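Engineer: I am attaching a structure below and will ask some questions about it afterwards.
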Amino acid sequence: MGVRPDQAARGPAVWMLAVGQTLSYACLYYIFAALILSWEADLGWDRALLATGPFLSIVIAAVLAPFAGRLVDLGKGPEAMVAGALIGAGALVVLALSQTPTVYLAAWALIGLAQSVTLYETCFAFLIRRLGPHARAAIVRVTLVAGFASTLAFPAGATLSASVGWRGAVWVAAGVMVFGLVPLFAIAGRMLRRVEGAPDTKDSDRGALGRALRTVSFWILAVVLSLVSLNHWMLIQYAVPIFVEQGANQPLAVFAASTVGPAQVAGRLVLMRYEARIGTAAATRITFLAMVAGTLALFLAGVQPWLIFAFTTIQGGAIGVMTILRPVLISEVMGPAGYGAIAGTIQIPAIMAGAVAPVLGAFMLEGFGVPGLLGLSLLVLMASLGMLAILLRRLG
């Protein structure tokens, strides 16, 4: 017997996907930050070399995003996520066995392949294809749980590396991928395929990406998402030194930076509470204006250092909400046809912007200091607000 989309959006399959995403991010994304100190101590490699691994995975995941989306469009979303979990497990095994930089980087290349079909974007695309307009409620629930991935990864990584070594910790992560993620994704996918009245857009999917690439809305939205990603990561990557420069002592700066993750979850809770009352366009405008307010609070923290907590609360909450709004906004702007391939392609610039952001942030801090970086942040946010206004006006 089938279930209605509104029931499915709140049903057990969505919570299973939420747990699956939490474990995916813990094992494939946050594992670097959780184990880097152990790698440095044991392997003795340069930090830049170690950091090249996750950078490589991000680039590969970005390049493969349209192909992953196309698999979802072909009705293979759960199969893609299951395959990604198995590939991720294999990649982690290679990582656990790595003794040379070449093998280490090869492992991260495989992790990038796994990320492209296992993390948020593939999951969101599948939910949008199955649940249509009810997908936002499901995405809220998935991100609400997965927001705790770093909270799981850091203590687990520290505990396991202390007891069985970092290689043992990576072996455990590989086991989680096989025995945790594979059944979660397979069962959740089977359950969501029983949703009644799921939109069938296979005929209109043909050529949808090509048509989208010829529209102005596609490129405006791509730029908007890229600017948001650039702004967030160039501030968050240097949050601790910025906070110290603005007058906070280092322990307080570190504590403030650690509140960004919980603030993301809080933002998603607020959206879940008011999701039926706030449309996507209005929620996006509010989110962008909140990010402007957050940067202004960081400016004023030079006078009142406690305002760093205003920044982390506002910025964390805004980016947490934006994680939910992004796939829904893409669907509403570009339509449901060919969503997977379109969403994968439209986010390539945003992913690349996130990879470039630390470099740009370092350049601004070295050349112009914190005021220069925050001034650039405001310029980027104002540009994104202007382009968002143009996009929403075009939609009527």
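The values are calculated or read from the model by the stated rules, or taken from the named source; none is laboratory data. It should be emphasised that the depicted structure is a prediction, and the values quoted were computed from it without experimental measurement. Cβ placement follows ideal geometry from the backbone for every residue including glycine, while neighbour counts extend to all protein chains displayed. Ligands, DNA and RNA are excluded from the accessible area calculation, which covers all protein heavy atoms including side chains. Shrake-Rupley method; radii C 1.70, N 1.55, O 1.52, S 1.80 Å.
Engineer: For the structure I just gave you, tell me whether Met272 is surrounded by 22 or more Cβ atoms within 10 Å (Cβ to Cβ) and assigned to a helix (DSSP H, G or I).
Structural biologist: For Met272, the condition - surrounded by 22 or more Cβ atoms within 10 Å (Cβ to Cβ) and assigned to a helix (DSSP H, G or I) - is not met.
Engineer: Being touching a Leu at 6+ places or on another chain (Cβ under 8 Å) and either open to solvent by 20 Å² or more (accessible area, probe 1.4 Å) or within 25 Å of Trp166 (Cα to Cα) (or both) narrows it down to one of Ala34, Ala61, Ala80, so name that one.
Structural biologist: The unique qualifying residue is Ala61.
Engineer: Small (Gly, Ala, Ser), in a helix (DSSP H, G or I) and open to solvent by 60 Å² or more (accessible area, probe 1.4 Å) - does that describe any residue in region 156-163? Before the answer, list the steps.
Structural biologist: So in region 156-163, the residues small (Gly, Ala, Ser) come out as 156-158, 161-163.
Next, only the ones that are in a helix (DSSP H, G or I) stay: 156-158, 161-163.
Now narrow it down to the ones that are open to solvent by 60 Å² or more (accessible area, probe 1.4 Å): 162-163.
Checked against the condition, which is being small (Gly, Ala, Ser), in a helix (DSSP H, G or I) and open to solvent by 60 Å² or more (accessible area, probe 1.4 Å), region 156-163 yields at least one hit.
Engineer: Being surrounded by fewer than 21 Cβ atoms within 10 Å (Cβ to Cβ), out of contact with any strand residue (DSSP E or B) (no Cβ under 9 Å at 6 or more places or on another chain) and modelled with pLDDT under 85 is true for just one of Pro305, Pro349. Which residue is that?
Structural biologist: On inspection, the qualifying residue turns out to be Pro305.
Engineer: Let me ask something else about it. If you check Ala318 against the conditions, is it open to solvent by less than 10 Å² (accessible area, probe 1.4 Å) and at pLDDT 90 or above? Quick ask: steps written out before the conclusion?
Structural biologist: Details: open to solvent by less than 10 Å² (accessible area, probe 1.4 Å): yes; at pLDDT 90 or above: yes.
Yes: the conditions hold for Ala318.
Engineer: Something else: List, please: which pairs have Cβ atoms under 8 Å, are six or more places apart or on different chains, and start with a residue in region 85-101 that is buried (at least 16 other Cβ atoms within 10 Å of the Cβ) and end with one that is of a type in the set (Phe, Trp, Tyr) and part of a helix (DSSP H, G or I)?
Structural biologist: Note: pairs meeting the criteria are Ala85/Phe185; Ala91/Trp108; Leu92/Trp171; Val93/Trp171; Leu95/Tyr104; Leu95/Trp108; Ala96/Trp171; Ser98/Tyr104.
Engineer: Would a scan of region 131-152 turn up a residue that is part of a helix (DSSP H, G or I), at pLDDT 95 or above, in contact with a Ser or Thr (Cβ under 8 Å, 6 or more places away or on another chain) and surrounded by fewer than 18 Cβ atoms within 10 Å (Cβ to Cβ)?
Structural biologist: No.
Engineer: Sticking with this one: Quick one: which of Val228, Val254, Val224, Val265 is open to solvent by 30 Å² or more (accessible area, probe 1.4 Å), in a helix (DSSP H, G or I) and of a type outside the set (Phe, Trp, Tyr)?
Structural biologist: Working: Val228 fails: open to solvent by 30 Å² or more (accessible area, probe 1.4 Å); Val224 fails: open to solvent by 30 Å² or more (accessible area, probe 1.4 Å); Val265 fails: open to solvent by 30 Å² or more (accessible area, probe 1.4 Å).
Every option except Val254 fails the conditions.
Engineer: Keeping to region 371-396, report how many residues are in a helix (DSSP H, G or I) and either polar (S, T, N, Q) or at pLDDT below 90 (or both).
Structural biologist: Going through region 371-396 one residue at a time, the tally reaches 7.
Engineer: Right, next: Which pairs turn up if I take residues in region 259-280 that are on the phi > 0 side of the Ramachandran plot and look for partners that are assigned to a helix (DSSP H, G or I) and at pLDDT 80 or above with beta carbon separation below 8 Å, at least 6 apart in sequence or on another chain?
Structural biologist: No pair meets every condition.
Engineer: Among the numbered criteria (1) modelled with pLDDT under 85; (2) over 25 Å from Arg326 (Cα atoms), which single criterion is violated by Pro199?
Structural biologist: Of everything listed in (1) modelled with pLDDT under 85; (2) over 25 Å from Arg326 (Cα atoms), Pro199 misses just condition (2).
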